[in-house]
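Working notes for the structure below.
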Amino acid sequence: MPSPSPLPPDLPRPQPASLADLFFSFTWLALQGFGGVLAVIQREMVERKRWLTQEEFLEDWAVAQIMPGPNVVNLSLMVGGRYFGLKGALTALAGMLAVPLVIVLVLGVLYTRFGDNAHMAGALRGMAAVSAGMIAATGIKLAAALGKHPLPLWLTLPLVVLGVLMVAVFRWPLLYILLGLGGIGCLLTYRKLAA
């Protein structure tokens, strides 16, 4: 899908019309996010609704990842808070969690009853493959933003590759990777911007 064209400077920036709009938007996002909502939230918030620019999404997503708790929950709090303060943060959080919580409880009861079924196990393996593909597609889409980063590509790509290796191959704790590679990335970016 091609990236959306930037808004003309004289048009007001799109934003949620009300707390109800925020609630139902995040409920819809959560209901689409089986196996991972990152791809869905990026498409909806940046490309469709345009409540965030690509750069804002990347910045907010980076902050959401280093905060404790689920990333998309943290992101929903930040987006809701951006437009409506504390009420917006709590409304977006409720939208992200309320209906999916009911669905998960119902599915949990059904799984305990039918979990031994071979068809059920096959369906779950299929969903895992689809969610892995969605995460990979989002990573590729977000990688385009590396070209706009203050650091040159020859310097950011090794950091990306090291991050993937540390998580996927070496299985190091995320906290160490964020502190180590994230700290190096922040320091290099700060020095580049200060120069």
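Taking the range 102-117 as the search range and keeping residues that are modelled with pLDDT of 85 or more and over 27 Å from I41 (Cα atoms), which one is least open to solvent (accessible area, probe 1.4 Å)?
Within the range 102-117, the match that is least open to solvent (accessible area, probe 1.4 Å) is L110.
Could you count how many residues in the range 136-163 are open to solvent by 60 Å² or more (accessible area, probe 1.4 Å), under 23 Å from R43 (Cβ atoms) and β-branched (V, I, T)?
2
Given the conditions (1) open to solvent by less than 30 Å² (accessible area, probe 1.4 Å); (2) within 22 Å of L146 (Cβ to Cβ), which single one is not true for G133?
(1)
Assess whether V63 counts as being over 18 Å from E44 (Cβ atoms) and within 14 Å of the chain's Cα centre (by Cα).
yes
Answer with yes or no whether A89 is assigned to a helix (DSSP H, G or I), under 19 Å from L22 (Cα atoms), in contact (Cβ under 8 Å) with a residue 12 or more places away in the chain and more than 14 Å from the chain's Cα centre (by Cα).
Details: assigned to a helix (DSSP H, G or I): yes; under 19 Å from L22 (Cα atoms): yes; in contact (Cβ under 8 Å) with a residue 12 or more places away in the chain: yes; more than 14 Å from the chain's Cα centre (by Cα): yes.
So A89 passes the test.
For the range 53-76, check the following and say yes or no: at least one residue is farther than 25 Å from A144 by Cβ, in a helix (DSSP H, G or I) and open to solvent by 10 Å² or more (accessible area, probe 1.4 Å).
yes
From the list G35, G81, G95, pick out the single residue that is under 17 Å from the mean Cα position of the chain (by Cα), under 27 Å from G182 (Cβ atoms) and either at pLDDT 85 or above or assigned to a helix (DSSP H, G or I) (or both).
When all the criteria are applied, what remains is G81.
Condition check: assigned to a loop (DSSP other than H, G, I, E, B) and surrounded by 12 or more Cβ atoms within 10 Å (Cβ to Cβ). Does P16 satisfy that?
In short, yes.
Can you tell me which of L175, L142, L155, L146 is closer than 21 Å to L38 by Cα and in contact (Cβ under 8 Å) with a residue 24 or more places away in the chain?
Working: L175 fails: in contact (Cβ under 8 Å) with a residue 24 or more places away in the chain; L155 fails: closer than 21 Å to L38 by Cα; L146 fails: in contact (Cβ under 8 Å) with a residue 24 or more places away in the chain.
Only one candidate qualifies: L142.
The values are calculated or read from the model by the stated rules, or taken from the named source; none is laboratory data. Just so it is clear, the structure is predicted and the values come from calculations on it, not from any experiment. Glycine also receives a Cβ, built like all others from the backbone with ideal geometry; neighbour counts cover every protein chain displayed. Please note that ligands, DNA and RNA were not included when accessible areas were found on the heavy atoms of the full protein model with its side chains. Shrake-Rupley method; radii C 1.70, N 1.55, O 1.52, S 1.80 Å.
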